[in-house]
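Just below is one structure, and these are the notes that go with it.
Just so it is clear, none of the values below were taken in a lab; they were calculated from the coordinates. This one's a predicted model, so the numbers in the text were calculated from it and none came from an experiment. Heads up, the Cβs are rebuilt from the backbone with ideal geometry, glycines too, and the neighbour counts pull from every protein chain shown.
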Amino acid sequence: MLFSGQLVNLRAFRDEDIKPSVDFMNDMEIILNLDDDAPMPQSYETQKEWFEEMRKNKKSYKDFFWAIETKDAKFIGGCGVNRMDGKNRLAQVGIFIGNQDYLGKGYGTDAMKVLLEFLFEEYNVNKVKLLVFDYNKRAIKSYEKCGFQTEAIYRDSVFRYGKYQDMRSMAILKEEYFNR
């Protein structure tokens with residue numbers, strides 16, 4: 001399955017993505033912006049198991065994780081749905097650009113726009129939300145470009161950089177998406 005934006009394509013993860021994924025997941029600048037659910041550091045075996053689990057578990061939310069690649073087919077990150085609430089048509093998403101050469105150049109914003117298009121237009125969700133560290137100003141700016149609004153600040157939620165950090169909850173509604 002392939003979804004396209006102006007700068008990126010979203011596609012299924014491939015075996016050749018495992019090695020760069022391990023590199024991304026062991027880059028301190030990248031992992032300090034990820035949530036605590038991912039085990040750190042990552043080994044090749046751990047990442048390979050995650051890829052295999054995604055392929056096996058086709059009936060769960062794991063169907064909604066994609067590799068982000070540039071238009072010239074360079075794998076640079078991943079995005080997808082972390083939690084899906086079908087009853088309330090609510091999706092919680094996550095995204096990362098792991099290749100630092102592509103940070104701050106619109107690739108993450110474009111990938112999020114493609115993900116939103118899929119969720120609102122194809123999957124018919126009513127709301128898409130995410131959590132972001134309040135210190136991650138680049139990501140917040142990107143999400144705002146996509147139409148996300150801040151709903152809440154969770155104070156002292158996660159211990160990073162030697163102190164407790166605030167988390168920001170952001171969301172966009174279907175109506176807001178279609179009225180942009």
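For residue 5, the residues 5 or more places off, or on other chains, whose built amide H falls under 5 Å of its own are 10. Amide H contacts under 5 Å for residue 148: none, restricted to partners 5 or more places along the chain or on a different chain, H placed in the peptide plane at 1.01 Å from N.
Annotation for the range 95-180: chymotrypsin sites (Phe, Trp or Tyr not before Pro) lying in DSSP loop with at most 12 further Cβ atoms inside 10 Å of their Cβ are 161.
The H on the amide N of residue 134, modeled in the peptide plane, is under 5 Å from the matching H of 166, 167, 168, each at least 5 residues off or on a different chain. Note on the range 1-155: Kirkwood hydrodynamic radius from all Cα pairs is 15.9 Å, rounded to one decimal.
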